Amino acid sequence: MITWNDFERVEMRIGTILDVQDFPKANKPAYQLTIDFGVELGIKKSSAQITKRYTKEDLIGKQIVAVVNFPKKQIADFMSECLVLGSVGEENDIVLLTSDVPVENGLRIG
């Protein structure tokens with residue numbers, strides 16, 4: 001069990017995907033995402049293994065939820081700056097966590 005204070009330290013924010021590129025150097029099929037988290041946090045990049053369910057075109061303009069206060073993580077030749085969140089089904093079939101209505105980029109999830 002974690003405490004409420006532990007949970008409050010995890011900073012989840014809403015961001016809009018601006019760009020999606022293939023990531024052929026990743027060990028598992030993945031995309032490189034460029035995400036806008038608004039004025040306060042700006043633009044961040046992430047690697048996401050979401051190629052089974054989403055095309056690049058599906059992702060442009062989609063608002064997603066991501067953890068933005070983890071340390072950066074080197075993945076092959078790419079530096080991932082946030083962790084995009086999704087539910088993980090069988091065989092790593094990931095469904096992204098999204099907002100059901102458009103909201104301001106950077107809003108905190110709580």
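Here is a yes/no grid of residues against (1) in contact with a helix residue (DSSP H, G or I) (Cβ under 8 Å, 6 or more places away or on another chain); (2) free of Cβ contacts under 8 Å to residues at least 60 places away in the same chain:
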residue: G61; (1), (2): no, yes
residue: V65; (1), (2): no, yes
residue: V68; (1), (2): yes, yes
residue: K73; (1), (2): no, yes
residue: E81; (1), (2): no, yes
residue: L85; (1), (2): no, no
residue: E90; (1), (2): no, yes
residue: V95; (1), (2): no, yes
residue: D100; (1), (2): no, yes
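Exactly one residue out of L33, L41 is out of contact with any helix residue (DSSP H, G or I) (no Cβ under 9 Å at 6 or more places or on another chain) and either of a type in the set (A, V, I, L, M, F, W, C) or at pLDDT 95 or above (or both), and it is L41. Would you check which residues across the range 79-110 are in contact with a strand residue (DSSP E or B) (Cβ under 9 Å, 6 or more places away or on another chain) and outside any loop (DSSP other than H, G, I, E, B) and list them? Scanning the range 79-110 gives M79, S80, L83, V84, G86, S87, V88, I94, V95, L96, T98, R108. Listed here are the helices (runs of 4 or more DSSP H) enclosed by the range 1-61 that have at least 1 residues being on the phi > 0 side of the Ramachandran plot: 38-41. For the range 35-59, the set of residues classified as of a type in the set (A, V, I, L, M), closer than 21 Å to E11 by Cα and free of Cβ contacts under 8 Å to residues at least 60 places away in the same chain consists of I35, I43, A48, listed by residue number.
The values are calculated or read from the model by the stated rules, or taken from the named source; none is laboratory data. In this text the structure is predicted, and so the values were computed from the model without any measurement. A quick note on method: Cβ atoms are made from the backbone with ideal geometry, for glycine too, and the neighbour counts reach across all protein chains shown.
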